[in-house]
Every structure is written in structure tokens, then in C-alpha cells.
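Some notes on the structure that comes next.
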Amino acid sequence: MNGPLATVPVDLTSRPETAEPLVITRPRVLLVDDDHRNLLALSEVLEDVAEIVTADSGAEALRHLLKGQFAVILLDVLMPGLDGYETAKLVRMRDLSRDTPIIFLTAINKEDAHLMRGYDSGAVDFVFKPVDPIILRSKVAVFVSLYEKTREIEQNARREQILLQETLDAQSERLRINQALREAEERQALLLRALPLAVFQIVGGAEGPSFIAGDVESLTGFGSPEFAANPSIWEQRLHPEDGAVWAASAAAATPAEYRWQHRDGAYRVFVDQRVPVSGREGTWVGTLRDVTEQRRLQDQLLQSQKLDAIGKLTGGIAHDFNNLLASVLSGIGLLERRSDLDERGQKILGMMRHAAQQGTNLVNRMLTFSRRQHLQPEVVRVAEAARSLDGMLGPVLGGLVTLRWELEEELWPAFVDSSELELALMNLVINARDAMPSGGTVTVSATNRHLADGEDDLAQGDYVLIAVSDTGAGIPPELLQRVLEPFFTTKDPGKGTGLGLSSVLGFAQQSGGSLRVYSEPGSGTVVEIWLPRSLGDAQQGTFALVREIEPTVTAGQTILLVDDAVGLRDLTRMHLAEVGYDVVCAASGTEALEIINQKGTSFDVIITDYAMPNMSGLDLIKSARTLKSDWPAVIISGFADVEDIAKRPENVPLLTKPFTRTALLQALRNVVASK
């Protein structure tokens, strides 16, 4: 135990003034001594230097060190238990207290060995008892001031670090916001470039718009700098008919639609929508949107709807109209056979027959155009069609028009209805002739074509391309888009039905191909028919002309004739009776079934109309064949849905009204022979 401290002077006026701490808490000094009197005296000396914490043992001192930091530790050397040297070593072992200054208090001698041991334990100084208060206060004050300065530096460093971090965070946030803004602007620019529109402004008095965003070059073919350098470009390239629309849009905030000539020469359809800028009189901002493709699709939809309506109308009238034509032609045939007419009478009947056949051709064209004609595709060689048609078309073309054929060697066969192909080529050649009233050359060429990639109206694959070209005046651009419309014709009134090209289009599309028309005023016209290639072999003689010869008839055979058209049914019965058939008639399918129930299966053949009230001819045949599975039957029809009629049994032929007596008799003979 150390001896008592020296008397502490009461006059403390000479104490050095301490700087006001920069922190809320005062520095603390830890006094460690096992003598409470020493602790009290030292506390009195140092109370104005720092906050004093006392401990009467080394263990208690270590406990205080666990709770906080101290500016300096005054440590008695000789204490029971842990002495000062041991306590100092333990203090130096802790990270938080390793650098805390330790001043040893000792009453023993000042030998060097003693001092070296203290310094080796971690002491920075020694104070010998009895303690001089002034020296003690000075030494402690130095370490307290050093501690405060260190804390101030640390606090300033932390403050600067915080300010630096806040600055860095603010800069990072500013950079992030700027980056987000740039990305948003880039996204907006990309979006505008991806859309068929541009953003513009118009300042009062300007000749044209000033573009500020969007894919201007794609829309117009010109860049924004070009418009800025020459504002008159805009008005110069307006469609002549739409200048008034543009002028009106410049004075009103209502959407306007007009045509504008792209740099490539084609006209684009733009929708111009603008609003006035508040507070800036005469200034407008708006968007320019390209709706060319949209309008094209709308036109296609309207055209499709129009064609569909015409197709439905055609289907609705075809049946009744063909019944009337069949009655007329059938009646003419009976008159020719039963009447002894002079030359004038024969001529009148011939004119009647020709008129009725023209009506038949007109209905067939309408059905072909509406793609409701029942086609019978087969493998056809175009070269054979050329040989057949060359002799037929020569007299029709006259002496002023030359027909020339240019057929590629090794030309592929096509898979089409041979009779419809013949009719299509005749239509195109005659149209070409009519386009050259002063004479010229009609060229029919045929080549093989392979499409590696599908197009709008043609799938990928192999095609036979047949082109009919003339050296006529050509077709004006404003009419070229309409020549395929039904009932539209460029010929004089009374010289065309307007169904020639449209029926060829229907035939080509129904065959799996397409029709294309190219023409320039003064350079003639080219019409192309694309037909799918056939991988099979064509049979010879497809287009051979055969003279109709009535087949021989087995007398005594009985026919059940079913048709709801009274006049045609009676005329058909007369024809059949005239060649030796016994005929029983029925006006409907239900009446025919009643007759069958009465007379059984004694009829050799059933001839029935397809479209009848309550029960179709196909349903009648199916019902009849439940009694006799191989019952010979023939279906006749003025018009039948292609999909429905295709469901008939393979051994039931279809005769389209109006039909010739020879065709009817041949069909009867074939079904009886195939039984």
C-alpha cells in the first residue's frame, strides 16, 4: 500500500484554463489506488481537468475500461491482487485501451530498474508520492488536451467523411437521375423511331413543319436538316388534290388526313393532328402518323366484303337463273327436233340459243369470280392448250392482230381445271385484242418460276407463269387498281360485262395461284396468271375438241326424275321420253321417297336436282341407298355449295345446269354401266 499523499493546496487560482470541449461529454480520467484517501485527494486536484472515475483495485479498473474510454489512467504501482504492472499489461492487451496513456503513481525508489519495468508494462510517465498537485495537473492536463484534440480531429474527420459521403451520394444520385433521364429520352426516341409517326412544331408564318422527334426520314425520305434548310419542300410534295386539306389543318386543331409524296415517288397517307401551344400565339405542336398500310388494309377489307357480297348474290341467283336458262335451251332443243322450220326460223332459234349460252357464260364467270364454281383440277400441259386455242382464236382476232406464243422448253405441267384455263386464256387474249383497235401483237408466254419465299398472295413453291401482253395504249394508273373489280370495265358501254379479269382472278385464286396486272400508258399491258406446278404427268389430248354424239340408249329403262322447277322438269322428261326412257316425275325429295315406298326399287336411275326445299338431292340419294346401296344416281344443279357437293359419293356424277341432252344421256349411260 502506498503512503499518504502530500497536502493539496487550497488556492487553485493558478490552474490553466481548459478549452471548451467540442463534444457533449467531458474527457474522463481513471484513478486507480487501493487507498481511498489518495483517491479523494487526487480527485480534488483533477476535478476541474476532467471527469474523474475512481477504482480501488486493478480488477475494478479493468471493469471500468470495459464500459468506456479514458483520456489517461493514473495507476498505483503497489496494490493487493493485481498490482499496477500487471494491470497495465492487461490494459495494453485490449484493443480499445491499448493506446490510453498510463501514469504510474509510486512511493518507492526511483531506481532505473523500477522505471524500466514500468515503461515496459506500458507506462508513459511516473508521478512520485508525495504528489505535487501542480505537476500532476500539468501532466494530466497535457494528456487530456491531447485526448480532446484527438477526439476533435476524429470528429472532424468523421464529419468530413460524412459530408464527403453525402456529397458523393448526392453526386451519385444526380448521376443516377441524369442517367435515368437519358435512358428515358433514348427509350422515347427509340419508341418514336419504331412508330410510324413524327413530332413536329409549326411557328406562325412557317411554310412547313419543323420536325423535332420521330423517324422523319423513314416517313418522308428526307431528314430534319433538309426540311430546316428548305421549308417549302412540304407544300411542294403535297398531293395536288389535298392542298386545301393541309391549309385547313393549319388553321384548326382537328385531325387532317392527306397524301404526301415520299422521296421514292410514292404517295403516303398521313394523319396530321396538332394542338396550339398555350401562351405562344401561332405556334402549334403535333404528330404526323403514316396510315398508308392501314388504309390499304381497310381498302382490302372493303374490297373483300364487296366481293363476298357479290359472291353471295351470285350464289343466290345462280340456281334460279340457270334453271331458267336450262329451260330455254332445253325448249330450243325440242323445237329444233320437233319442228320443220325454214331458214329464218332456224336462224331465230340459233339467235335464241346464242343469247341463252351467253347468259350461261355470264353466270359461270360470276361463279368463277366469286370462287364458287366447282372446279375439277387435273394435270394439264400448257403447250397442248396453246395448240388447241391457236386455231380457235385466229378467226376471233382478225387480220390486224397477231397472236404469238412463247413457251419455255421443258415447261412444267400445271394442276388446274383444263376447261377453266382455256376460258381464262381466251378472256385475256380477247381483252388484249380489244385494247388494240388499230392492230398490234398479242404475246402469250409461259415460263417456270420458283418462289423461294412466299409473297402476299402466293405461297412458297413452284409455279407455271402464263403472261398475256399486248402493245395497246395501256391502262392509266388511277384505273389500274380497279380493273380486277367485278363489273368494272374500260370498254365503251355495251361492249363489256366487267367480269373478264375478275373471273380469271377467281379461277387463279381458286386454283391456288394468283393474277397480276402491269401496265403503263403508251407501253401496253401485261396480265400474269400464276398457276401451281403439278408433279404428275398430263394425259394426252386434254384439250382435244370432240364433236357431241348422242350415246345409244337401252329402251325400257325407268327413271325417277326429281326437280322442283316445273318447267325444266317437264322439258327434261320430254327429252328422256323422246329417246325411249320411261320417266316418273316428283316435285320434291319427300314426294320422291313416297313414290319409292310405293313402287320399291324398280327405278333404274334416280336423276335429282341438288337444291330443293326441305330435302336436298344429296339427302334423297343417301336415303334411297339405304334400300339399295348401289342405286345409280345423277345430281343436276344450277348452283351448289362447292364444299357440300364435294361430299357426294364418287359414283354420283354432277351435271351443271344448263346441260345438253347429250351430256345427260352420257351421264345416264355411265352410271348404269358402272353399276
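Okay, here's what the table says:
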item	result
Per-region count, the range 150-185, residues more than 30 Å from Ala71 (Cβ to Cβ) and either surrounded by fewer than 10 Cβ atoms within 10 Å (Cβ to Cβ) or of a type outside the set (S, T, N, Q) (or both)	15
Count - residues of the range 575-584 that are hydrophobic (A, V, I, L, M, F, W, C) and touching a helix residue (DSSP H, G or I) at 6+ places or on another chain (Cβ under 6 Å)	1
Residue satisfying condition, being within 27 Å of Ile52 (Cβ to Cβ) and in contact with a helix residue (DSSP H, G or I) (Cβ under 8 Å, 6 or more places away or on another chain), within set Leu90, Leu115	Leu90
Residues within the range 192-216 that are of a type outside the set (A, V, I, L, M, F, W, C), modelled with pLDDT of 75 or more and either out of contact with any strand residue (DSSP E or B) (no Cβ under 9 Å at 6 or more places or on another chain) or within 18 Å of Thr283 (Cα to Cα) (or both), tallied	3
First in the range 519-530 and of a type in the set (Phe, Trp, Tyr), second anywhere and in a loop (DSSP other than H, G, I, E, B), Cβ under 8 Å, 6 or more apart	Trp530/Leu458; Trp530/Gly513
Lone unmet requirement of (1) farther than 19 Å from Gly122 by Cα; (2) at pLDDT 85 or above; (3) among the basic types (Lys, Arg) for Arg15	(2)
Lone qualifier among Ser523, Ser511, Ser534 - being surrounded by 21 or more Cβ atoms within 10 Å (Cβ to Cβ) and at pLDDT below 85	Ser511
Residue in the range 51-64 that is modelled with pLDDT of 85 or more, exposed (fewer than 12 other Cβ atoms within 10 Å of the Cβ) and in the same structural domain as Phe126 (by TED's automatic domain parsing) present	yes
Condition check for Arg404: within 36 Å of the chain's Cα centre (by Cα) and basic (Lys, Arg)	no
Meets criteria (in contact (Cβ under 8 Å) with a residue 24 or more places away in the chain and out of contact with any Leu (no Cβ under 8 Å at 6 or more places or on another chain)) for Ile475	yes
All strands (runs of 3 or more DSSP E) inside the range 118-237 with 2 or more residues being under 29 Å from the mean Cα position of the chain (by Cα) and in the same structural domain as Tyr258 (by TED's automatic domain parsing)	197-202, 210-214
Tally of residues being in contact (Cβ under 8 Å) with a residue 60 or more places away in the chain, part of a loop (DSSP other than H, G, I, E, B), closer than 15 Å to Arg569 by Cα and of a type in the set (A, V, I, L, M) across the range 601-640	1
Any hit, the range 590-597, residues being touching a residue at least 60 places away in the same chain (Cβ under 8 Å), within 25 Å of Arg625 (Cβ to Cβ) and out of contact with any strand residue (DSSP E or B) (no Cβ under 9 Å at 6 or more places or on another chain)	no
Checklist (1) modelled with pLDDT under 80; (2) outside any loop (DSSP other than H, G, I, E, B); (3) among the aliphatic types (A, V, I, L, M) applied to Ala252, failing item	(2)
Single residue of the range 100-116 satisfying the filter (under 20 Å from Val131 (Cβ atoms) and part of a helix (DSSP H, G or I)) that is modelled with the lowest pLDDT	His114
Test: residue in the range 76-99 that is modelled with pLDDT of 80 or more, assigned by TED's automatic domain parsing to the domain that holds Val29, among the small types (Gly, Ala, Ser) and on the phi > 0 side of the Ramachandran plot	yes
Qualifying position, being without any contact (Cβ under 8 Å) to a residue 24 or more places away in the chain and out of contact with any Lys or Arg (no Cβ under 6 Å at 6 or more places or on another chain), among Ala577, Ala667, Ala587	Ala577
Search result, residues across the range 620-675 that are under 21 Å from Gly600 (Cβ atoms), surrounded by 13 or more Cβ atoms within 10 Å (Cβ to Cβ) and at pLDDT below 75	none
Positions within the range 433-457 being within 36 Å of the chain's Cα centre (by Cα) and at pLDDT 85 or above, in sequence order	Thr447, Asn448, Arg449, His450, Leu451
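Listed here are the residues, each with its yes/no results for (1) modelled with pLDDT of 80 or more; (2) assigned to a loop (DSSP other than H, G, I, E, B); (3) among the polar types (S, T, N, Q); (4) on the phi < 0 side of the Ramachandran plot.
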position	(1), (2), (3), (4)
Arg387	no, no, no, yes
Glu409	yes, yes, no, yes
Trp412	yes, yes, no, yes
Leu425	yes, no, no, yes
Ala459	yes, yes, no, yes
Val464	yes, no, no, yes
Val468	yes, no, no, yes
Leu484	no, yes, no, yes
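The values are calculated or read from the model by the stated rules, or taken from the named source; none is laboratory data. Fair warning: this is a prediction, and the values are worked out from it, not measured in the lab. Please note: Cβ atoms are built from the backbone with ideal geometry, for glycine as well, and neighbour counts cover all protein chains shown.
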